[in-house]
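Trainee: A single structure is presented below for examination.
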Amino acid sequence: MPELPEVETTLRGIRPHLEAKRIERLIVREPRLRQPIAPETPERVAGCTIRTLSRRSKYLLIELDRGSLLIHLGMSGSLRIVTADTPVRKHDHLDLVLADQRCLRFHDPRRFGLFLWTDDTPECALQRHPLLRGLGLEPLSPGFDGEHLHRSAQQRRIAVKNFIMDPRVVVGVGNIYASESLFLAGIHPNRACHRISRERYRRLADTIRTVLEASIIQGGTTLRDFVREDGHPGYFARSLRVYGRAGEPCGVCATPLRQQRIGQRSSVYCPRCQH
C-alpha cells in the first residue's frame, strides 16, 4: 500500500509535468473506484488549467482554476506521466489528458483509490471536505514533536503502534514506517501509549521524521521512473531493519526478531532492544 513517502515521491515526480498545463479532457474507463467518479467530472475539468499540486496525508490535491481534484492511491494505485497514445493496460482506469498530448494515467488494480472533483480550493477543502477535515499533524511539519505525542497520548489506552498510526494524531505513519520508527526509538510496539515518557516521545518523533525523510530521499533518486512507459517507480527498495524480517537476527543485538499481531496488523520487533 502506498504510504506517505510514496505519495510525496509521486507528487514530486508528476508536479513538473502538470503545473500550469491546460487539461484537454478526462477519459474515464472505469468509474467504479472506492467512491464512484461522478458522471459530470469530465465536463467539470475539461479546459481547466492546473495551478498547483500539493499533498495532505496520503491525499494528492490538484488545484484547478475551477475547483480541485482530490486523489488517493488506495491499496494498489499509481500515477504516471505518459503520452496520450501510449497503449492502455488493464486497470488503467483514468487519463487526465493535457493540451500537449501527455497525460496523467491512473492505474489501480484493486479499485480502492479515489479521484474526486470538488468546487473548493485546496485550502477550503482541507477545512470542509469530510476526507480531509479532522486530520492530525503532518509528521514532517514544524509542529510535530514529542510534546505533541506525549500530550495526545495521556487520555488514550491503546498500544503505541496503533497510537502513532491514528491519522487524528499524526498522518501518514503506516505500518512499515511505524514499525521501523519504534525500533529505532527502542519502544515496544505493544507498550501502552500513556505509559511512555515525554523524553521517549521526543526520540520517537525524531525517528518518525528521520525514517520518512530517508524514504522520500530514496524515492527521489528515481523520479525519472514516473515518465517511463513501464510506470514502475523506484520506491520499493528500502533499507528495512525489522519490517518483514521476523525470525532474522536483530541488526543491533542479533536477537531473533519476533512478530505479533497488534490492531489486526503484523508487527515485527526486537524483544531485547525494544521495551
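Trainee: Does segment 4-128 come out rounded, prolate or oblate, given a ≥ b ≥ c as the square roots of the eigenvalues of its C-alpha gyration tensor, rounded meaning a/c under 1.5 and, failing that, prolate meaning a/b above b/c?
Mentor: rounded
Trainee: Right, next: Return the sequence-ordered ³J(HN,Hα) values of segment 267-274 in whole Hz as given by the Karplus equation 6.51 cos²θ - 1.76 cosθ + 1.60 applied to θ = phi - 60°, using x for Gly and Pro.
Mentor: Per residue, the Karplus-derived 3J(HN,Hα) values read 10, 9, 8, 9, x, 9, 7, 10 Hz.
Trainee: To the nearest 10 degrees, how steeply does helix 198-220 sit against the main Cα axis of the chain, on a 0 to 90 scale?
Mentor: Compared with the principal axis, the helix lies near 40 degrees.
Trainee: Can you work out the Karplus-derived ³J(HN,Hα) for every residue in segment 82-89? Use 6.51 cos²θ - 1.76 cosθ + 1.60 with θ = phi - 60°, whole Hz, and x for glycine or proline.
Mentor: Each residue's phi maps through the Karplus curve to give 9, 6, 4, 8, 5, x, 7, 9 Hz.
Trainee: Sequence-distant or interchain residues sharing an amide H contact under 5 Å with Arg102, placed H: which?
Mentor: Those lying under 5 Å, H to H, from Arg102 are Ala84.
Trainee: Let me ask another. Calculated FRET efficiency, Ala38 and Met75, Cβ-Cβ r, R0 22 Å, to nearest 0.05?
Mentor: Taking R0 as 22 Å, the efficiency between Ala38 and Met75 is 0.50.
Trainee: Follow-up. Straight-line reach only, C-alpha to C-alpha below 20 angstrom: list the aspartates and glutamates that Lys21 could link to, leaving out same-chain residues fewer than 8 apart.
Mentor: Excluding near neighbours in sequence, the set is Glu43, Glu63, Asp65, Asp85, Asp95, Asp100, Asp119, Asp120.
Trainee: Going by amide H atoms built from the backbone, whose H comes under 5 Å of the H on Arg56, apart from near neighbours?
Mentor: Leu61
Trainee: So, one more: Eigenvalues of the Cα gyration tensor times 5, then square-rooted: what semi-axes does that give for the chain, in whole angstrom, largest first?
Mentor: Calculated on Cα positions only, the semi-axes equal 37, 21, 15 Å.
Trainee: Let me check against my output: what whole-number percent is the relative contact order of segment 4-128, with C-alpha pairs under 8 Å and at least 6 apart?
Mentor: For segment 4-128, the relative contact order is 29 percent.
Trainee: Here's another thing I want to ask about it. List the residues whose amide H sits under 5 Å from the amide H of Cys250, counting only those 5 or more places along or on another chain, with H placed 1.01 Å from N in the peptide plane.
Mentor: Result for Cys250 returns Thr255, Leu257.
Trainee: Once every DSSP H run of n ≥ 4 in the chain is given -39500 (n - 2.57) and the sum is divided by its residues, what mean residue ellipticity at 222 nm do you get, rounded to the nearest 500 deg cm²/dmol?
Mentor: -8000 deg cm²/dmol
Trainee: How far is helix 175-185 tilted off the main Cα axis of the chain, in degrees rounded to 10, range 0 to 90?
Mentor: 40 degrees
Trainee: What ³J(HN,Hα) values, in whole Hz, does the Karplus curve 6.51 cos²θ - 1.76 cosθ + 1.60 give for segment 148-154 when θ = phi - 60°, with x put for Gly and Pro?
Mentor: In residue order, the calculated couplings are 4, 5, 4, 5, 5, 7, 5 Hz.
Just so you know, all these numbers are worked out from the coordinates, no wet-lab data involved. Note that the structure is predicted; figures quoted are calculated from it, not measured. Every residue, glycine as well, gets a Cβ built from its backbone with ideal geometry; the counts of neighbours run over all protein chains shown.
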